[in-house]
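Reading through the structure tokens given below for one structure.
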Amino acid sequence: MNIVTKIYSRLYHSFGPQHWWPGESVQEIIIGAILTQNTNWQNVEKAILNLKKGRLLSLERISRASLDMIAELIRPSGYYNVKAKRLKAVSEYFAQRCRCDFTSLEPLPLETLRHELLAVYGVGLETADSILLYALNRPVFVVDAYTRRIGHWHGLFKDNLDYDSIRVLFESSLPDSIPLFNEYHALLVRLGKEFCRPKPRCDSCPLNFREYFHPQRGTFFKKNHK
DNA sequence: GACCAGGCACATC
DNA sequence: GATGTGCATGGT
């Protein structure tokens, strides 16, 4: 069993299924993917509730709404002015591309869709992959700050390894399974929230950071996983 | 009051 | 192509 699979196994047995993504619809997941950029999910929930109350939890409606209106509703999620522009750009993309009929995107190759998403203002690598995996059910491994931090701490890769190399490392180490990629990312975030803010908290961490992190030196040492 | 959170675009070197 | 900076709220 490779280390990537072993980490997943240990996390799943410690935490159980995480039931991601917390969204009631595909559109809500896409909106949440923008709103959660560099922000707590708690703040995102407030913004989503505001959008729902304002009858703007809809890509079609966001694409036609004013930036000021959007910004005011999503204020709790932070960066509300830039995120208003990003939400509008993503909404316009899906409205124009498929009239928000996501099933019509199914014939598109993954790479084509990913390329198109990355061309949309406000959609970077992580946001594109979050949308692909959680909203559009495509087999992409989402790499976020926690994935990078945890992977680095456990000697999977150097701190400065680029996004796509990390993504390919996980994808090539695992069976090509959408539910698995979904659950793994959610579990890494769960682990990150509880044990990696921003330094390891060793006690009771299921991956046992004590084995890999040297607090006095502030450095890490590798230990073979068996 | 400091620090952090499920990033991204843009400017500058 | 690497590095720095602005964007901003809310919880601990």
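Laboratory data are not the source of any read-out in this text; all were calculated from the coordinates shown. Since we're looking at a predicted model, the values are computed, not measured. With ideal geometry, Cβ positions are generated from the backbone for all residues, glycine too; neighbour counts draw on all protein chains shown.
Look at A:His152, A:His13 and count the other Cβ atoms within 10 Å of each Cβ; fewest to most, that gives A:His13, A:His152. Counting every other Cβ atom within 10 Å of each residue's Cβ, A:Lys46, A:Lys53, A:Lys83 order from fewest to most as A:Lys53, A:Lys46, A:Lys83. Taking the number of Cβ atoms within 10 Å of each Cβ as an exposure proxy, the fewest-first ranking of A:Ile48, A:Ile62 is A:Ile48, A:Ile62. Restricting attention to chain A, lysine pairs at least eight places apart or on different chains and with alpha-carbon atoms under 24 angstrom apart total 26.
Per-residue ellipticity at 222 nm from helix content only, as computed over chain A with -39500 (n - 2.57) for each DSSP H run of at least four residues, stands at -16000 deg cm²/dmol. Karplus-based coupling profile of the range A:149-160, in residue order and whole Hz: 5, 5, x, 5, 4, 9, x, 6, 6, 6, 4, 9, with θ = phi - 60° in 6.51 cos²θ - 1.76 cosθ + 1.60 and x standing for Gly or Pro. Starting from the 7 Å offset along Cα-to-Cβ, what nm value, one decimal, do you get for the label separation of A:His13 and A:Asp68? Taking the simple label geometry, A:His13 and A:Asp68 are separated by 5.9 nm.
Take the Cα of A:Leu180, step 7 Å toward its Cβ, do the same at A:Glu111, and the gap between the two points is 2.2 nm. Sequence-ordered 3J(HN,Hα) estimates for the range A:8-20 from the Karplus curve with 6.51, -1.76 and 1.60 and θ = phi - 60° stand at 4, 4, 5, 5, 5, 6, 7, 9, x, x, 9, 6, 8 Hz, glycine and proline given as x.
A Cβ-based charge dipole, computed about the Cα centre of chain A with Lys and Arg at +1 and Asp and Glu at -1, lands at about 820 debye.
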